[in-house]
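Chemist: The structure that follows is given in the form of structure tokens.
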Amino acid sequence: MDDCSSESSLVTAAPHASFLQRTLERLSSTQCLQIRAEEAAPVAVIALQRYLSENEAEQLDSYDVTFTDGVWRAKCLLHPGLHDLVHTNTLRTGADVFISQCSYIYNERMLGHGYICIEQLRCQPGRSVVLPQIKDIRSLPVLVKHGMERSVMLQSDVPLQVSRKHYLSLWNNDDPEGDIWSPGYSSPEPVLDVSKITLLCHLESFFKPTWKSLPLLVKIIHKSRLRYYGKHGQKIDFPYQAYFEVADQSGIMSLVLWNELCPEYYQKLNVGTVLYLQNYTLKQSYSNRSHPQMDHHRMKTFNSEICLNPRNPPSFITVISPKRVLPQWGLPEVAYHFVTRSELDSLSNNAACDVIGLVTYVGRIERVKNKATKGPEKYWTYRWIHAVDGTSDHPFILELFSSSQPDIFNHICPMTYLVCTQMRVCQVDGSLSYLTSSFETETFITGYHKGQPYVSDPKVKSFIHWTKTLKDNAVLEKTAVGGHYYYPHPPQKCLQAMADSSAQTLLVAVADLKTEMETLQYREHKRFAIQGQISAVRYTELQTREVPVVRHGGDPPSSAEQTARASLTSQSHEKIPAKRRIQLRQVLENAKFHEISHSRDMLNVFFREVTPSVQRDHSPAKRKAELQEERDSESDPEPLQDAERRPPLQLEDSDLLSWESSSWEKQQEEVTEHLCQGGLHRDSFHRGFTLDDKDVLLQWSNLQPAHWAPEQSPDTVPPADCPGYYQVTILGINKQIAVDAAFFPIVSTADPRAVGLPQDPHGNTMLSSLSSGFLCPLSDPASTSDMILPEPEEVLATARELEDVHVVCILDLCHLGVDRVEVVLSRVYRVTELRLNEEVNKC
């Protein structure tokens, strides 16, 4: 933030009247200011920063919000009553708000410090009208009350509540946040006296209270992510710790960086860095902390920990540049344990390995609550990734948690070379194994590989050689970003305990599901199971469908098929009623399999019958209105449910696109609540990746940033290629509460969700599709197959088998921001097929 000597000097810099300035002037004569609608003006949110509240009684986080009206910048405290707006991403950077009530708070324990507290505001949907007028946000002066000039210093990069010295990452506690974490410039290296150093193997024998440490010369061979252990009532300014594994010629020992030393050194200490340590302390290692697997180093591991503290005593750390490292020091080389995809399945569960691959799919960043923490809620952030290395037809499936490397984590995209270290194997019964992060995992992408010790590993070199044989366009066709994704897939048979709170999928009452939906926070994901029966299914069509005609093998199309294609193409923009589409499919199948000589006549008769019932007005005025409606619908950011308010795409035979149980009409009268706010949204569908859309897709799949930047592109996310989905109404087992969930079956191998999916054949009935999660068989865009998947009306025609069937439904919930809650029906099990236990239901 810009410094200033007085408010008067700032006023002269303001080119015209300012809403923020008027508000501050009015606050000088009143304790609390209410702003009428006609007095209000939009202000844009340019920063949203979180930290641990200094109020111990609240046990909450605090938020500082920086606004601009285009003339001034002002950092304000957000009243705790508005925190839910942050938790749901309703109040977010890059958006406009209208402030309706605020007050001014003086710090009674410090002279010359005060700030505005925002008590009521209204968030404005859509794009900001303020920010496009600003060329350089940093050039705007900081608004400070007269006599409070000292506050400008505090608004640089520290919280307004001055008892807190640093900010936390907005969406997790693992990532470094703020300028204090920047590596900065290295000080000149002192002359080292290596004649007095001791080896790690000698330290434990010197373990005495009166022992005085001798210098150590070690190399970092592993680095963990940051651990934040702050809590209310704690008087530590920087409650952080970071673990490293260091080695010399005698063995390996853990090293712990504490408190203020973390912001100063964490970004400077990397795998391969050589350290000269003085004035450290030694203690026994905690038995319950996680450790990297280091068998491949083939070195002795010691049980003590080297502690580096900012005081009592203050440790001295010297980072030695690579040019000054001498071979005679005998420091070991950093070793890795890279495995190829073809070798992965032979590894045991929980085994650690390093992998390198070409990224083909990057999921959106989601959050999961850390249940083990006490005090303020803490969240982990993670994303799913697919990467290939050419040794297998299957990709690596990676569950990648944030590893205190936000610049890398937020820029993982398809076509990048990804390295992940210390990943743990998770075996899945009946499906593909996947890899998940450990506390010691580090990730690297293209642009960060230079100088890393692994670049000389033989398997890394082999991978690079393989990538040189690839063609970019061929790889791009198989890439995707974002959308709903979860792995592993629900099991085909119910074997997992669900009544136990430690279960991966917890069986809950429908009333509890309502509470969970209402308390979800932004991008938080949860999976639950509920009991009930399916009472209604409706297919929502998102685009006009064409009859898929794709061929097997390399045989040339028959004349009948050519006729069908030509006729279908000429009618491709006409909306064909559902019954007629089924008849058309039958005509096409007859044309292919029986080579009927009069197929052209049959098709002509067919289209003459169809066309009058769906004839459209092709006048210029009508066509112009239709084109405008199409453009509006493509750029409409509203959820898919809102699209149902517009005229549906399917105009005729709509009864074929829905089903209700015979008792549902009567049961609705007894239902006390129908949870219909969930479902699918436009963010639920993955998008194909292109280099031109890279920045837009990265922003779309990442979390909302804490700071607005001009490069945040306002471009619209490319449309998804999805014909539609099924909305399923589930009536709770006690028939008091119903819930709507979306089911969009996997239909193609190009769908990222198809990876690792058990594909046992089934009859494509409504129940079998819900039970398997896909339509059979999956189409393959890379092949010339003519398998025609069933149309939605054909699937719905079998829905009567759901009548009064007791089922268990697996639901995936994810909060997508504001009031959008994604509720996806991932799997359905018939209770009669479950194996029941006297104590718990197993699924």
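The values are calculated or read from the model by the stated rules, or taken from the named source; none is laboratory data. Fair warning: this is a prediction, and the values are worked out from it, not measured in the lab. With ideal geometry, Cβ positions are generated from the backbone for all residues, glycine too; neighbour counts draw on all protein chains shown. Only protein heavy atoms, including side chains, enter the accessible area calculation; ligands, DNA and RNA are left aside. Shrake-Rupley method; radii C 1.70, N 1.55, O 1.52, S 1.80 Å.
Chemist: Run the paramagnetic zone check for residue 805: 7 angstrom along Cα to Cβ, then residues of the stretch 509-535 with backbone nitrogen under 19 Å.
Modeler: Backbone N within reach: 529-535.
Chemist: Take the residue pairs 165/369; 219/461; 459/526; 235/371 and return only those whose Cα atoms are more than 28 Å apart. Please list the in-between numbers first.
Modeler: On the way: 165/369 25 Å; 219/461 24 Å; 459/526 37 Å; 235/371 24 Å.
Where the Cα-Cα span goes over 28 Å, the pairs concerned are 459/526.
Chemist: Which order do the peptides 669-679, 322-332 take when ranked by the mean count of other beta-carbon atoms within 10 Å per residue, highest first?
Modeler: Descending mean neighbour count gives 669-679, 322-332.
Chemist: Something else about it: Relative contact order of the stretch 200-329, please, whole-number percent, based on alpha carbon pairs below 8 angstrom and at least 6 residues apart. Show your work: numbers first, answer last.
Modeler: Values: 234 pairs, mean separation 35.8, N = 130.
Answer for the stretch 200-329 is 28 percent.
Chemist: Shifting gears a bit: If you average over every viewing direction, what projected area does the convex hull of the Cα atoms of the stretch 680-814 give, in nm²?
Modeler: Hull-based average projected area comes out at 11.5 nm².
Chemist: Mind checking which of 787, 719, 742 is farthest towards the positive end of the stretch 699-818's charge dipole, using Cβ charges of +1 (Lys, Arg) and -1 (Asp, Glu) about the Cα centre?
Modeler: It is 742, whose Cα lies furthest towards the positive end.
Chemist: Given points 7 Å out from each Cα along the Cα-Cβ axis, report the residue 369 to residue 519 separation in nanometres with one decimal.
Modeler: 0.5 nm
Chemist: For residue 390, what charge total do you get from the other residues with a beta carbon under 12 Å from its beta carbon, if Lys and Arg give +1 and Asp and Glu give -1? All intermediate terms of the calculation are to be shown ahead of the outcome.
Modeler: Numbers: positive: 341, 459, 468; negative: 389, 393.
Once all neighbours under 12 Å are counted, the net charge is +1.
Chemist: So, by mean Cβ neighbours within 10 angstrom, what's the order for 408-421, 189-202 with the highest one leading?
Modeler: 408-421, 189-202
Chemist: Taking every alpha carbon pair in the stretch 209-273, what does the distance histogram look like in 10 angstrom bins from 0, in percent?
Modeler: Final binned percentages: 19, 42, 30, 8, 0.
Chemist: Between beta-carbons, use under 10 Å as the cut-off and find the net charge around residue 225, counting Lys and Arg +1, Asp and Glu -1.
Modeler: Neighbourhood net charge equals -2.
Chemist: For residue 748, what residues show an amide H to amide H distance below 5 Å, using hydrogens built from the backbone and excluding near sequence neighbours?
Modeler: So residue 748 has HN proximity to 779.
Chemist: Give, in nm to one decimal, the length gained when the segment between residue 318 and residue 28 is fully stretched (0.36 nm per residue of separation minus the Cα-Cα distance).
Modeler: Roughly 99.3 nm would be gained on extension.
Chemist: Oh, and also: How high is the relative contact order of the stretch 341-481, in percent, counting Cα pairs under 8 Å that sit 6 or more residues apart?
Modeler: Values: 255 pairs, mean separation 39.9, N = 141.
So the answer I get is 28 percent.
Chemist: Taking a ≥ b ≥ c as the square roots of the eigenvalues of the Cα gyration tensor of the stretch 341-481, is the shape rounded (a/c under 1.5), prolate (a/b larger than b/c) or oblate?
Modeler: On the way: a/c = 1.61, a/b = 1.43, b/c = 1.12.
Note, shape of the stretch 341-481 comes out prolate.
Chemist: For a quick protection proxy, order the peptides 378-387, 161-170 by their average other-Cβ count within 10 Å, most packed first. Write down the numbers at each step before the final one.
Modeler: Details: 378-387: 21.8, 161-170: 19.4.
With the highest mean Cβ count within 10 Å placed first, the list reads 378-387, 161-170.
Chemist: Calculate the spin-label point distance for residue 436 paired with residue 492, positioning each point 7 Å from the Cα along the beta-carbon direction, and give it in nanometres.
Modeler: 2.4 nm
Chemist: Something else: Which of the pairs 450/694; 75/283; 75/514 have their Cα atoms more than 32 Å apart in this structure?
Modeler: 75/283; 75/514
Chemist: Take residue 392 and residue 476, extend 7 Å from each Cα along the Cα→Cβ direction, and tell me the distance between the two endpoints in nm.
Modeler: 2.9 nm
Chemist: Can you tell me the length gained on complete extension of the stretch residue 296 to residue 466, counting 0.36 nm per residue apart and subtracting the Cα distance?
Modeler: Length gained between residue 296 and residue 466: 58.7 nm.
Chemist: Report the extension gain between residue 55 and residue 189 in nm, rounded to one decimal, defined as 0.36 nm multiplied by the number of residues separating them, less their alpha carbon distance.
Modeler: Computed gain between residue 55 and residue 189 is 43.9 nm.
Chemist: At what distance in angstrom do the alpha carbon centres of the stretch 271-302 and the stretch 711-753 lie from each other?
Modeler: Computed from Cα coordinates, the inter-centre distance equals 47 Å.
Chemist: Quick one: accessible surface of residue 708, probe radius 1.4 Å, all protein chains present, in square angstrom to the nearest 10.
Modeler: 40 Å²
Chemist: Determine ³J(HN,Hα), in whole Hz, for all residues of the stretch 242-254 in sequence, where each value follows from phi through the Karplus function 6.51 cos²θ - 1.76 cosθ + 1.60 and θ = phi - 60°; x replaces Gly and Pro.
Modeler: Per-residue couplings from phi come out as 9, 9, 10, 10, 10, 9, 10, 5, 9, x, 10, 9, 6 Hz.
Chemist: Determine ³J(HN,Hα), in whole Hz, for all residues of the stretch 104-120 in sequence, where each value follows from phi through the Karplus function 6.51 cos²θ - 1.76 cosθ + 1.60 and θ = phi - 60°; x replaces Gly and Pro.
Modeler: After applying 6.51 cos²θ - 1.76 cosθ + 1.60, I find 10, 10, 9, 7, 6, 9, 9, 6, x, 9, x, 7, 7, 10, 8, 9, 8 Hz.
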